[in-house]
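Participant: Questions regarding the structure given below will be posed in turn.
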Amino acid sequence: MMIDIAKSYSPYPSGRFPTDGTHNGQRFRDTVLVPAMQEALRQGGEPVVVNIDGVRTFGSSFLEEAFGGLVRKGIFTRDQVRSGLKIVCTKPHLFLFRDAIAKYIASAQPEERPSLHA
Amino acid sequence: MPESIWGKLFWIAIGAGISWLLQQYRISRSEDAALVNEHIKDIEKLRDAAQDYWLELPDDLKGERAASARVRAAHSATTLVYPQIIEICGELCDDYKDLSLALYDVAMGGNFESPRTDIDPIRAIDTHDAAATLIHLLRKARRDVLSLSRLGKYGIDFKS
């Protein structure tokens, strides 16, 4: 499965939360990325390919929320994200964002969920 | 005496060849050094735009969007040469990648592009620190670019 961010979401993604604008990171994660990854897992584990070529620039807040948030929110484990997601980028000026996505996935720490006994 | 003339011509040709190679090396290194200089200027512009963003609170949403657009545009300029600078940095390339990502994180992370109710002086200081550290590394890489010891490590790049 292939997700072209510029075509299927926006060439100008920005912001972290829905309050930051229409094309924010949380919305991309929850409405595009997570359903695609869940579907890919159901179909046998072929990785979801995310193409970032059509986007000119990303805010760090968008990328961290969209990709780091997969692990931080406990939606997937880090290993599931690493094996189930492939970032494709052919334009050299976007290599930094590809590296940033890898870093956010590697460094995201799952948030502690509130205990029922607290 | 013909042998000695041919011998001299041989050494002159060898000398001219070495001079030409060193000249080519110097030209390609000078271009790399110029690219590093331009990159440093772009990083300084990003630092200034990010500091303005984190230290000023616009009156309305339009002002907020304009400020974040200035940061995004300034950052975009720094990414254009990211792969070339990685190559130029040689042994320092991993440090360059880490520091570039650190600057990106701090300048455009947190609640960047979110509606704000207060300025963020800590993030402004961190942005300045990250930019200063990256610029310091690039100056170090620029010195290395012009050194002859690099010739032994990487040879002459005739493409540039």
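Participant: Can you tell me which residues in segment A:35-44 are surrounded by fewer than 18 Cβ atoms within 10 Å (Cβ to Cβ) and touching a helix residue (DSSP H, G or I) at 6+ places or on another chain (Cβ under 7 Å)?
Facilitator: A:Ala40, A:Leu41
Participant: Now for a different question. Checking the conditions here, which among B:Asp52, B:Asp60 is of a type in the set (D, E, K, R) and at pLDDT 90 or above?
Facilitator: That would be B:Asp52, the only listed residue that is of a type in the set (D, E, K, R) and at pLDDT 90 or above.
Participant: In addition: Quick one: in segment A:80-109, of everything that is among the basic types (Lys, Arg) and under 13 Å from the mean Cα position of the chain (by Cα), which residue is surrounded by the most Cβ atoms within 10 Å (Cβ to Cβ)?
Facilitator: Ranking the candidates gives A:Lys103 first.
Participant: Within segment A:87-106, how many residues turn out to be under 21 Å from A:Thr57 (Cβ atoms) and either touching a His at 6+ places or on another chain (Cβ under 6 Å) or touching a residue at least 12 places away in the same chain (Cβ under 8 Å) (or both)?
Facilitator: Residues in segment A:87-106 being under 21 Å from A:Thr57 (Cβ atoms) and either touching a His at 6+ places or on another chain (Cβ under 6 Å) or touching a residue at least 12 places away in the same chain (Cβ under 8 Å) (or both): 13 in total.
Participant: A:Leu70 passes all but one of (1) within 14 Å of another protein chain (Cβ to nearest Cβ); (2) crowded, with 20+ Cβ neighbours inside 10 Å; which number fails?
Facilitator: (1)
Participant: Select from segment A:76-110 the residues that are touching a Phe, Trp or Tyr at 6+ places or on another chain (Cβ under 9 Å) and farther than 18 Å from B:Tyr82 by Cα and list them in ascending order.
Facilitator: The answer is A:Val81, A:Gly84, A:Leu85, A:Tyr104, A:Ile105, A:Ala108.
Participant: Could you pull out the residue among B:Leu134, B:Leu101 that is more than 10 Å from every other protein chain (Cβ to nearest Cβ) and surrounded by 15 or more Cβ atoms within 10 Å (Cβ to Cβ)?
Facilitator: None of the others qualify; the one that does is B:Leu134.
The values are calculated or read from the model by the stated rules, or taken from the named source; none is laboratory data. What you see is a predicted model; the values in this text were computed from it and never measured. Reconstructed Cβ throughout: ideal geometry from the backbone, glycine too, with neighbour counts over all protein chains shown.
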